[in-house]
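*Asks:* Below you will find the structure I want to go over with you.
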Amino acid sequence: MASGYRNGTTKGALKVDRPLSMNSNVKTSSIKSKSAQSPYNAPAIRRSGQAPISGSAGPVKDDSVVSGRVRVAVRLRPRNAEELVADADFADCVELQPELKRLKLRKNNWDSDTYEFDEVLTEFASQKRVYEVVAKPVVESVLDGYNGTVMAYGQTGTGKTFTLGRLGEEDTAYRGIMVRSMEDILANISPETDSVSVSYLQLYMETIQDLLDPANDNISIVEDPKTGDVSLPGATLVEVRDQQSFVELLRFGEAHRFAANTKLNTESSRSHAILMVHVKRSIKGRESSILSENGNTSHLVKSFKPSLVRKGKLVVVDLAGSERIDKSGSEGHTLEEAKSINLSLSALGKCINALAENSAHVPVRDSKLTRLLRDSFGGTARTSLVVTIGPSPRHRGETASTIMFGQRAMKVENMVKIKEEFDYKGLARRLDIQLDKLISEHERQQKAFEDEIERITIDAQHRISEAEKSYADALEKERLKYQRDYMESIKNLEEQWAIDQKKHCNDRIGSGPKDGCLDKTCNREGSSASISEEVAEVKKALENEICLRKAAEEEVNNLKSQLVQWKRSEAAGNAEIIKLRKMLEDEAHQKVKLEEEITILRSQLLQLSFEAEETRRSLDRGGSGKFLNGLGSLMSQVRHPHLKDPGNGPKASIAKLFEQVGLQKILSLLESEDADVRIHAVKVVANLAAEEANQEKIVEAGGLTSLLMLLRSSEDEMICRVAAGAIANLAMSETNQELIMAQGGISLLSMTAADAEDPQTLRMVAGAIANLCGNDKLQTKLRGEGGIKALLGMVRCGHPDVLAQVARGIANFAKCESRASTQGSKTGRSFLIDDGALPWIVQNANNEASPIRRHIELALCHLAQHEVNAKDMISGGALWELVRISRDCSREDIRNLAQRTLTSSPTFQAEMRRLRIEF
Ligand code: ADP
Ligand code: MG
């Protein structure tokens, strides 16, 4: 804007770089350097002495923290009937210049102050436009996982409720910001994966009342000590599925507000109405599939990531009338009421002043309203404020103060932060389903494989036996044929021979007596011819025989080669069987691996269901179970989010896991290569160790040794913490205490204590040592191995939980030692005094935390029972504490013990006489 437009005549006006716009879409806002932009695509206000705000605009997904100034719009109410008459002759006290986003507040007829706002809404501005410029950008941010606040501030009757809470049932054009916001939210979520739930409250006289459950009229604010997030676990939370049920809820809340106000003899303008809308959306596409594409199951565990959920919270606040700040105390308000109306609104004003001035101290804790709105001003939410004013010159003072409030709020800078977390519950559900699928698929494959092997084996056997049979048949047939042929040829030859023989004889008889010489010649000739004939014939027969024999030989060869072939195919069949056998072995191997993966998955699943259960419990503790009584049938269509509690979650799961996986397997996972698996496994073991029934089994299976090994070898503090916790649980039985000591437990725990930073780790270690301190037999050894020194070393952390465990350890030790001294097995001064514990004991004897105080009081009484300790105790200042305990201790038994001890010790008696302590 023009540099001439400065503070000379414009009180409280701000210097801006260019006109501000509130209605641009968050998602489309772009990053520009130089004039750094706020999340609503408007440039940041530059304040003197402050560097320009840098950073990106809009909820950029990976850049989860951006700066964002509180956006302020001013809305002027049209003149009402009374003003039309009464102020007819007067001009309005303000003049609006919406295109310049300026407002002029008339001082008198000739002078006015000019102020600039992010948006200036005239008396003609429609509800739709007001929603779009004031609330829509906030709603969009909430859908993207940010917290958001929309608030109305102004004098009673200027239109706060009109702007925010109007239901618009008579005319939808009148619908206010609450209704329109829900409409936008419901249109942008998917009912299968996302959820919306609301609480509706009234803050009156520093008391929070549940507008959705009339009986619930004193809800407390809970602050997370770590994150500083505030929540109202006692408030009814109703899941909203459709617009109609939401409008009904608002109407119900409004009716109750009216009733409550009537009962308290007040009106809504004196209380603050607060609507909280929780939007939970899951982010898709960020979850990798359970099996990698090649089906390699070894990636299975690691690739499983829980999906992200974004949790945005929209808070819509219809504030009490701002005139209450000035007028409270007057006009018949009760003193109490005036104080608390003053308290919440004026505390808000103070906080905004402090923030606007960048002051070091912001008095957030001064009122319930400022505690509730801690995130809205100077926090991580996107905040939009609409200040409402009336036109009447008679209320010029109120109007001016409202405008100044808005101007200061414009200077408040928030650091807008996305709220994302992993959906472990959902993951656990999906893992469960996937696990069942995997197991049944595996079984199916196994069965199919076995069937196939059986089929192939039967088939091969069948083929082999058929081949053998047909070969034997063919051989037999051939043999018979050959035999037959052979016999036939022999027979033929014999017949032939017989014929020849006969013929030869006949020839010789016929030619004998007639002509001798001729006969003789003839005969000789005739006989030689027949012989040669005979020979030729025999030769022929022989050739024939040879041919036949050759054919037979060929046939035999043929059969032989056939036989070889059959043998070969049989061998091939055997090779196939061997191959299948190998495949079977591979499959079995794969199965073993798969089972291991399943074991890991199961342990992970258990751990997840534990975490989910824990989360659920902590949610449940906040509890919204009152809703059903309250709303009854009116809201029967609205589902209560936590009604379906099976109630036997983790214990049943443990028993199931125990059965299914087996302790040995769980313990073997403690040595896994994979750090994630190790962490899960140690958590599972710790959970098991928390159940007394499991402890003996765990120790028997070597679990205690494995846990101690983890303390020795692991550098991961989380593992050490969980392992120490499990050891602390196991260290409750005497047998286990001895085992722990025998395995060097004290030096391992001392080592962990020396390295750890995290109070929770120290608490576990101190708890374990404290248990060991209570064992009479182990006193000397425990002290000799530095147990007391290790305990004392942990007080450096200062966390009350750790100190309580240290105090318990010291009390246990002192008790055992006192017993040993009484029995005569211990002589001389207490080891506790020797190891330098006395100063800390004296220092904390009156600690404000009762668990610490009680243990130390007991320890002092035990120490004081033995005269050998009296001198040191007197010089260390313990006598004063004993006297105090004997007088003031809230526990009668300890008080009596201290009294008895003091009266029975001559040394203490003498000192008390010397100091003139009356006793
Ligand atoms: P507040 O909540 O600030 O006390 P209300 O919202 O109850 O004020 O408004 C007071 C009266 O003025 C109501 O009758 C309301 O309908 C009317 N009113 C307020 N703002 C407008 C507006 N912009 N247009 C028309 N009527 C309005
Ligand atoms: Mg109102």
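The values are calculated or read from the model by the stated rules, or taken from the named source; none is laboratory data. Treat the numbers as computed from the prediction; the structure is a model and nothing was measured. Every residue, glycine as well, gets a Cβ built from its backbone with ideal geometry; the counts of neighbours run over all protein chains shown. Heads up: the accessible areas ignore ligands, DNA and RNA and are worked out on the full protein's heavy atoms, side chains in. Shrake-Rupley method; radii C 1.70, N 1.55, O 1.52, S 1.80 Å.
*Asks:* Within a Cβ distance under 12 Å of LEU667, other residues only, what is the Lys/Arg minus Asp/Glu net charge?
*Replies:* Within the 12 Å Cβ shell, the charges total +1.
*Asks:* With all protein chains present and a 1.4 Å probe, how do PHE124, PHE117 order by accessible area, largest first?
*Replies:* PHE124, PHE117
*Asks:* Moving to a separate point now. Over 18 Å between Cα atoms, which of LYS128/LYS411; LYS591/LYS683; LYS313/LYS419 qualify?
*Replies:* LYS128/LYS411; LYS591/LYS683
*Asks:* Note down the net charge around THR380, summing +1 for each Lys or Arg and -1 for each Asp or Glu among other residues with Cβ under 12 Å from its Cβ.
*Replies:* Overall, the nearby charge balance is +2.
*Asks:* Could you tell me the distance between the Cα centroids of the range 533-585 and the range 160-225, to the nearest Å?
*Replies:* The two parts, judged by their Cα centres, are 97 Å apart.
*Asks:* Still on this model: Using a Förster distance of 45 angstrom, determine the FRET efficiency expected from the C-beta separation of ARG396 and ALA360, and round it to 0.05.
*Replies:* The calculated FRET efficiency here is 0.80.
*Asks:* Here is a further query. How high is the FRET efficiency from ALA571 to ILE439, r the C-beta distance, R0 41 Å, rounded to 0.05?
*Replies:* Calculated value: 0.55.
*Asks:* Which value, in nm² and rounded to one decimal, describes the direction-averaged projected area of the C-alpha convex hull of the range 104-214?
*Replies:* 10.5
*Asks:* Where Lys and Arg each count +1 and Asp and Glu each count -1, what net charge lies around GLU495 among other residues with Cβ under 13 Å from its Cβ?
*Replies:* Around GLU495, the charge tally is -1.
*Asks:* At 1.4 Å probe size, with no ligands or nucleic acids counted, give the accessible surface of GLU99 in Å², nearest ten.
*Replies:* Using a 1.4 Å probe on the heavy atoms, I get roughly 140 Å².
*Asks:* If the viscosity is 1.567 mPa s and the temperature 4 °C, what translational diffusion coefficient in µm²/s does Stokes-Einstein give for the range 338-482 when Rh comes from Kirkwood over Cα pairs?
*Replies:* Diffusion coefficient, whole number: 55 µm²/s.
*Asks:* For ASN492 and ARG796 in one chain, what is 0.36 nm times their gap in residues minus the Cα-Cα distance, to one decimal in nm?
*Replies:* Taking 0.36 nm per residue and subtracting the Cα distance, the gain is 97.0 nm.
*Asks:* Which value, in Å² and to the nearest 10, is the accessible area of LYS665 when all protein chains are kept and the probe is 1.4 Å?
*Replies:* Roll a 1.4 Å probe over it and LYS665 shows about 80 Å².
*Asks:* Along each of its three principal axes, how wide is the spread of alpha-carbon positions in the range 432-480, in whole angstrom units, largest first?
*Replies:* 72, 6, 5
*Asks:* Also, I was wondering about something else. Quote the FRET efficiency, to the nearest 0.05, computed for GLU169 versus GLU95 with a Förster distance R0 of 30 Å and r equal to the Cβ-Cβ distance.
*Replies:* Efficiency, from the Cβ-Cβ distance: 0.30.
*Asks:* Now a separate question. Give me the one-decimal nm value for the distance between modelled label points at GLU82 and LEU480, 7 Å along each residue's Cα-to-Cβ direction.
*Replies:* The answer from the label model is 13.0 nm.
*Asks:* Provide ASP674, ASP111 ordered by accessible surface of protein heavy atoms (probe 1.4 Å), highest first.
*Replies:* ASP111, ASP674
*Asks:* Which value, in Å², gives the accessible area per residue of the range 67-149 when a 1.4 Å probe is used on the protein heavy atoms?
*Replies:* Here the per-residue accessible area is 40 Å².
*Asks:* In addition: Please report the accessible area of ARG430 (heavy atoms, 1.4 Å probe, ligands and nucleic acids excluded) in Å², nearest 10.
*Replies:* Roughly 70 Å² of ARG430 is accessible to a 1.4 Å probe.
*Asks:* Could you please put HIS395, HIS855, HIS589 in sequence from largest to smallest accessible area, using a 1.4 Å probe?
*Replies:* Putting HIS395, HIS855, HIS589 in descending order of accessible area: HIS589, HIS395, HIS855.
*Asks:* So, with a 1.4 angstrom probe, what is the percent of accessible area on the range 356-455 that is carbon and sulfur?
*Replies:* Roughly 51 percent, rounded to a whole number.
*Asks:* Further question on the same structure: What distance in nm separates the simple spin-label points at ALA690 and ASN544, each placed 7 Å from Cα in the Cβ direction?
*Replies:* 10.7
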